[in-house]
Amino acid sequence: MGSPLRQWRRSTTVAIVVAGLALAGCTVDDGAASAPAPASLAVVPALHDQLPQAVKDAGIIRFAGDSHPPYRTVGPDGKTVTGIDNDFQQALGQLLGVRTETTVVSGLPAALQGMLSGRYDAFNGPVKATAERERQFDTVTWMTTRTSYVVPADSTAGVQRADDLCGKRVAVVTGSVVEEQLTKLSAFCQGQGRPAAQSIGLDDTNATLLATKSGRAEAAGMTQAAAIDVTTQQKGQYRYVTQSEEQGATKDNLALYTPKAGGLGPVLQKAFEELFRNGTYARIMNQWGLTDVMVQQPLFDVASAK
């Protein structure tokens, strides 16, 4: 055991050394190639000091992450994760003077339950901030979203607008904000005297796309950012339509989640505030083409504040 200052210096040195290295085993660390790597951010000692003791002792923040491009793209090995999430975790870890790692899980329920059981410290979502979930979790809202529906380019289902999905099968990630938006689209359909869309709940975005390819569903629902990524990365294979406000769409707050009991939430909020101040937030969002879903400042437990 050394002095607190010596321990902090060790954790800072480790954070800088490992910032670009991948972790072995069932987890992956920042540094996997997604967007061009940013210059290292300086550790903010005041933020490091405010971390829960358990995190300082471990020297790591453990994130859960499902497959959800472009936020998290899981590599062929099932472990390597790249994407927006990776970029933000790398920046947060550098500011806080700790490592970050991601364990790949199968969907939102697994992430939430894993955090409550203590296996993970946080989940960067993006997940809709709700008052109900904020009874157990702190949330840091860092973006908003619109819902889009991806359709195979060769589809004969006649989907030219979102309301063409009335009466059709739509694959969505179970428990996601998109599932909620599809319910609103169905209400719009029924209000027009048309049949509701049929929801098919699956574990992750890849599964929803597979459902459309196999003919199990006519479309895959996802955030607009994810739809842009799919149609860009798989050129000519897909197109997408976006749900309008008339069709029940709302612009939702999407957030990072962390258990209230762990005490990490307020520190992550302050770390995000620093990313906004130093320009890192804008750089990452611009890099990924997400300027239209940026927020002016990170919001803490926004749903409960309403």
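The table for this structure:
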quantity	calculated
Cross-link partners of Lys213 among aspartates and glutamates (Cα-Cα below 20 Å; sequence separation of 8 or more within a chain)	Asp154, Asp164, Glu179, Asp203, Asp204, Asp229
Radius of gyration, Dmax [the chain; alpha carbons; angstrom]	19.7, 71
Net charge of neighbours whose Cβ lies under 9 Å from the Cβ of Asp252, counting Lys and Arg as +1 and Asp and Glu as -1	+2
Relative packing of 214-220, 86-92, which averages over residues the other C-beta atoms within 10 Å, highest first	86-92, 214-220
When each of Lys128/Lys184; Lys56/Lys79; Lys56/Lys270; Lys128/Lys260; Lys184/Lys235 is checked by Cα-Cα distance, pairs over 27 Å	Lys184/Lys235
Mean residue ellipticity (222 nm) of the chain, computed from DSSP H runs ≥ 4 via -39,500 (n - 2.57), nearest 500	-10000 deg cm²/dmol
Distribution of pairwise C-alpha distances over segment 147-242, 5 Å bins, in %	3, 16, 28, 28, 17, 6, 1, 0
Cut-off 11 Å between beta-carbons: net charge of the residues surrounding Gln297, Lys and Arg +1, Asp and Glu -1	0
Debye log10 I(q)/I(0) at q = 0.14, 0.16, 0.28 Å⁻¹ for segment 188-258, Cα point scatterers	-0.56, -0.73, -1.34
Positive minus negative residues near Thr205 (Lys, Arg vs Asp, Glu; Cβ under 10 Å)	-3
Approximate spin-label separation Lys235-Gln113, in nm, with each point projected 7 Å along Cα-to-Cβ	4.2 nm
DSSP H segments from the chain that extend 15 Å or more along their own axis, Cα-based, with Kyte-Doolittle mean of -1.0 or above	4-18, 84-96, 177-191, 265-277
Computed magnitude of the charge dipole of segment 147-242 (debye, nearest 20; Cβ of K, R +1, Cβ of D, E -1)	240 debye
Rounded if a/c under 1.5, otherwise prolate or oblate - segment 87-148, Cα gyration tensor axes	oblate
J(HN,Hα) series, segment 138-154, from Karplus relation 6.51 cos²θ - 1.76 cosθ + 1.60, nearest Hz, glycine and proline x	8, 10, 10, 6, 10, 6, 10, 7, 10, 9, 10, 10, 8, 10, x, 4, 9
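Each value in this text was obtained by applying a stated rule to the coordinates, not by laboratory testing. Just so it is clear, the structure is predicted and the values come from calculations on it, not from any experiment. Every residue, glycine among them, receives a Cβ derived from its backbone with ideal geometry; neighbour counts consider all protein chains shown.
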